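Worksheet for the structure shown next.
The values are calculated or read from the model by the stated rules, or taken from the named source; none is laboratory data. These numbers come from a predicted model, not from an experiment. So basically every Cβ, Gly included, is an ideal-geometry build from the backbone, and we count neighbours across all protein chains shown.
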2 protein chains.
Amino acid sequence: MKEAIYEAQKAAEVGEVPIGCVVVVDGKIVGRGHNLREHSQDATMHAEILAIQEANAFCKSWRLPEAQLFVTLEPCPMCSGAILNSRIERVYYGAMDPKAGTVGSLMNLLDDNRFNHQVIVEKCCMEAECGQLLKDFFRNIRLKKKKSKRKD
Amino acid sequence: MKEAIYEAQKAAEVGEVPIGCVVVVDGKIVGRGHNLREHSQDATMHAEILAIQEANAFCKSWRLPEAQLFVTLEPCPMCSGAILNSRIERVYYGAMDPKAGTVGSLMNLLDDNRFNHQVIVEKCCMEAECGQLLKDFFRNIRLKKKKSKRKD
C-alpha cells in the first residue's frame with residue numbers, strides 16, 4: 001500500500017487528484033498507475049486502469065487470476081469493472097469514497113455473484129494516510145482559490 | 001447504430017467477440033472502437049473504452065456532455081462506469097447482456113441518482129442484427145471445435 005501512496009503522491013505533484021495504484025503478482029509489482037485524467041483529458045485514465053493495463057502487458061495476459069491490487073481510494077464503477085474483467089483475486093483499498101465508491105459505499109460490484117467473478121476485498125488499509133493525501137490536496141486548492149480571490 | 005455494427009464486424013474479422021461502438025457529437029462520429037481484448041491481451045480493451053478514448057482525444061476533453069454513444073451490446077460495469085465518467089448524455093445499445101449487462105439486465109448503473117451523472121438510455125436498437133452477429137460468431141466457434149474433434 002505504501003507503493004500505491006507513492007503513486008498517489010506522483011499524481012498530486014502534477015496537480016491531479018492524488019489516487020495511486022499498484023498491481024502485485026508473486027510478490028512483485030507488475031503494474032503501476034496514478035490518476036492522470038486532467039493531463040490526458042481522458043476520462044478513462046484512472047490509477048487502477050493504468051496499473052491493470054501495465055500488469056496485463058507485463059503478464060502478456062488479460063487474465064490476472066493471482067494478482068493483488070492496492071489502491072488508495074475505493075474504486076469507482078469503471079475501475080471495479082476493470083478489476084472484474086481482469087479476474088484480479090484480491091483488492092486492498094485505503095479511503096472510502098461515499099460519492100462514487102462501488103466496493104462497499106454505494107454498492108459492492110466485487111462481491112455480486114451474478115457476475116462471473118468475485119474478488120476478496122480488504123477495506124480501509126492505511127486509511128488515514130490515504131485520506132490525508134486527498135484532504136491536503138483539496139485544502140490546498142481551496143487556499144489557492146481564496147488567495148486568487150483576494151488578489152481580484 | 002449501423003456504424004457500431006460495422007465496428008463489431010471488424011472485431012469478428014480478426015476473431016474477437018463482435019462488439020462495436022461509436023461516439024457521436026454534433027452528428028459527427030468522433031470516436032470508434034471494437035473489442036480487441038484477445039489481440040491486445042488487455043482486459044480494458046472493450047469497444048466502448050476505445051471509442052470514448054478516441055472521442056476524448058478528438059474533443060480535447062474528458063467531458064463529453066453532448067455526446068451520444070452507440071454500442072451493439074449492453075455495456076458491462078467497466079464500460080458503464082466509463083460512460084458515467086465521461087459525462088456522455090445518451091446511450092443507445094443493441095442486444096441485452098443477461099450475464100454482465102449493467103444498463104438494464106443485472107442493474108442500471110446509468111440511472112442511479114446516487115452518482116453525479118445520469119444517462120438517457122435507449123435499449124434494443126437494431127437488437128436482432130446486433131444479437132445475430134454474436135450468435136453467428138459463437139456458432140462458428142462451436143462448428144470449428146466440432147470439426148477439430150472429428151479430426152482427433
Checklist entry - Residue check: is residue B:130 surrounded by 15 or more Cβ atoms within 10 Å (Cβ to Cβ), out of contact with any Leu (no Cβ under 6 Å at 6 or more places or on another chain) and at pLDDT below 95? => result no
Checklist entry - Only one of (1) among the basic types (Lys, Arg); (2) buried (at least 19 other Cβ atoms within 10 Å of the Cβ); (3) away from chain B (no Cβ under 11 Å) is not met by residue A:37, so which one is it? => result (3)
Next on the checklist: With the condition being of a type in the set (Gly, Ala, Ser) and over 19 Å from residue A:29 (Cβ atoms), I'd like the strands (runs of 3 or more DSSP E) fully within region A:49-136 carrying at least 1 qualifying residues.
Outcome noted: A:90-95
Checklist entry - Would a scan of region A:36-58 turn up a residue that is among the charged types (D, E, K, R), closer than 17 Å to residue A:81 by Cα and touching a residue at least 12 places away in the same chain (Cβ under 8 Å)? => result yes
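Per-residue answers, yes or no, for (1) in contact (Cβ under 8 Å) with a residue 12 or more places away in the chain; (2) buried (at least 22 other Cβ atoms within 10 Å of the Cβ); (3) out of contact with any Cys (no Cβ under 6 Å at 6 or more places or on another chain); (4) more than 9 Å from chain B (Cβ to nearest Cβ):
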residue: A:68; (1), (2), (3), (4): yes, no, yes, yes
residue: A:72; (1), (2), (3), (4): yes, yes, no, yes
residue: A:76; (1), (2), (3), (4): yes, yes, yes, no
residue: A:82; (1), (2), (3), (4): yes, yes, yes, no
residue: A:86; (1), (2), (3), (4): yes, yes, yes, no
residue: A:89; (1), (2), (3), (4): yes, no, yes, yes
residue: A:98; (1), (2), (3), (4): no, no, yes, yes
residue: A:104; (1), (2), (3), (4): yes, no, yes, yes
residue: A:112; (1), (2), (3), (4): no, no, yes, no
Checklist entry - Which ones in region A:41-66 are surrounded by 24 or more Cβ atoms within 10 Å (Cβ to Cβ) and more than 12 Å from chain B (Cβ to nearest Cβ)? => result A:47
